[in-house]
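Structure, as structure tokens:
The values are calculated or read from the model by the stated rules, or taken from the named source; none is laboratory data. All values derive from a computational prediction rather than experimental measurement. So basically every Cβ, Gly included, is an ideal-geometry build from the backbone, and we count neighbours across all protein chains shown.
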Amino acid sequence: MIKTTVAGSLPKPAWLAEPEKLWAAWALEGDALAQGQRKSARHWIDVQEEAGIDIVSDGEQFRRHFVHGFLEDIEGIDWQLMTTMGIRNDRYDAQVPTVTGPVRRPKSVHGEGAAYCRSETDHKLKFTLPGPMTICDTIANAHYDSRPDMAMAFADLLNQEARELEALGVDVIQFDEPAFNAFMDDVREWGVDALHRATEGLSCTTAVHICYGYGIKENIDWKRTLGDEWRQYEEFFPVLNSSRIDQVSLECANSKVPMSLISILKDKEVLVGAIDVASLDVETPEEVAATLRAAMEFVDPERIIACTNCGLAPLPVDVAEGKLNALGAGAALLREELG
Ligand code: ZN
């Protein structure tokens, strides 16, 4: 009861990539880079196991960014044709590549990394992929007729990748869809359909992660405009609850999402975000337990998995390690309490 996992990304050490930055450049290349990525992923698996995290992740050490890391190996994308685009419904501008032809996945993207992690741990292993809607909101479209058309094309490629990850022994495949909180109507109209396409034929556990973004200034400023109660989740939780996705990963700690909203997800496992990624303060185990206890008012403990609000990538390494330890210890406190 009250198992633990992480949303996905963890910081990269300074010898591997420029620290505390999204889209950080690699500090190594070629074989040295591949070896460094493995070494770092292994380190984070060790840290997670020692912290008592049940379902561990590679910490996204094999990719530069949670969306573009997948896209780098996809054909049909012009990386010279960079477009400045207002992403997440114009929350902030990002330099994004452009889709100029039909997209195709000529080879595995994360297979080698996943196989390596599988060989390094007996714990359940989670791998994250960007969700189709979030991909479409992080790339410019100069080929497809519409965003939903492009999303379905990417969903097919994600499905190919996910089937391969499953065959390599990955236990949980999670699609990251922070864009869901910016385009709530689209989630109902085609966002969940695209997720279904991406997860078709999978028998492993499937998850979707929907947060209010990394703890970067643009997101923190945006959150200030959302008022006293953040009710975005309410608009698409009903359709998500009727979906085939097994788990929903959410931002709860220090957020203004009314916890009662999670009662809509009555048929899902709920990954309760009990670690704030926008603060350098390391939670105490008691604080983690308090967030989980609050969630238990609306979801049976059997369906709660303690998690982080989002990825920890932009945080200093020691802060992230402290937060993982707090997560494990907080869940352990609660398990003890529940007997
Ligand atoms: Zn997130």
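Return the total of residues in segment 78-108 being in contact with a helix residue (DSSP H, G or I) (Cβ under 6 Å, 6 or more places away or on another chain), closer than 20 Å to ALA179 by Cβ and either in a strand (DSSP E or B) or not charged (D, E, K, R) (or both).
3
Name the residue that is farthest from CYS310 (Cα to Cα), counting only residues in segment 95-115 that are under 20 Å from the mean Cα position of the chain (by Cα), surrounded by fewer than 23 Cβ atoms within 10 Å (Cβ to Cβ) and not small (Gly, Ala, Ser).
GLU112
Residue by residue through segment 291-309, note down the ones that are part of a loop (DSSP other than H, G, I, E, B), touching a Ser or Thr at 6+ places or on another chain (Cβ under 8 Å) and within 16 Å of the ligand (Cβ to nearest atom).
Within segment 291-309, ASN309 is the sole residue that qualifies.
More than 15 Å from the ligand (Cβ to nearest atom), under 21 Å from GLY215 (Cβ atoms) and assigned to a helix (DSSP H, G or I) - does that describe any residue in segment 270-284?
no
Give me the pairs: first residue in segment 284-311 and farther than 17 Å from GLN247 by Cβ and touching a residue at least 24 places away in the same chain (Cβ under 8 Å), second residue of a type in the set (Gly, Ala, Ser) and more than 16 Å from the ligand (Cβ to nearest atom), beta-carbon distance under 6 Å, and six or more apart or on different chains, which are they?
PRO285/ALA326; PRO285/ALA329; PRO285/GLY330; VAL288/ALA326; VAL288/GLY330; ALA289/GLY330
In segment 263-283, which residues are free of Cβ contacts under 8 Å to residues at least 40 places away in the same chain and over 18 Å from ASP176 (Cβ atoms)?
SER263, ILE264, LYS266, ASP267, LEU280, ASP281
Could you tell me whether VAL288 is more than 19 Å from PHE175 (Cα to Cα), not in a helix (DSSP H, G or I) and not acidic (Asp, Glu)?
Answer is no for this residue.
Output yes when any residue across segment 121-133 is buried (at least 16 other Cβ atoms within 10 Å of the Cβ), modelled with pLDDT of 95 or more and in a helix (DSSP H, G or I), and no when none is.
yes
Select from segment 202-242 the residues that are among the hydrophobic types (A, V, I, L, M, F, W, C) and touching a strand residue (DSSP E or B) at 6+ places or on another chain (Cβ under 9 Å) and list them in ascending order.
Residues satisfying the conditions are LEU202, CYS204, ALA207, VAL208, ILE210, CYS211, ILE216, TRP222, PHE236, PHE237, LEU240.
Does TRP23 satisfy being within 16 Å of the ligand (Cβ to nearest atom), in contact with a strand residue (DSSP E or B) (Cβ under 9 Å, 6 or more places away or on another chain) and not in a strand (DSSP E or B)?
yes
Taking segment 191-239, which residues are away from the ligand (no atom under 13 Å from the Cβ), at negative phi, out of contact with any Asp or Glu (no Cβ under 8 Å at 6 or more places or on another chain) and part of a loop (DSSP other than H, G, I, E, B)?
GLU200, THR225, LEU226, ASP228, GLU229, TRP230, ARG231, listed by residue number.
Do you know which of the residues in segment 136-180 that are within 28 Å of LEU81 (Cβ to Cβ) and within 16 Å of the ligand (Cβ to nearest atom) is surrounded by the fewest Cβ atoms within 10 Å (Cβ to Cβ)?
This residue is THR138.
For residues that are within 16 Å of the ligand (Cβ to nearest atom) and not in a loop (DSSP other than H, G, I, E, B), tally how many sit in segment 1-20.
1
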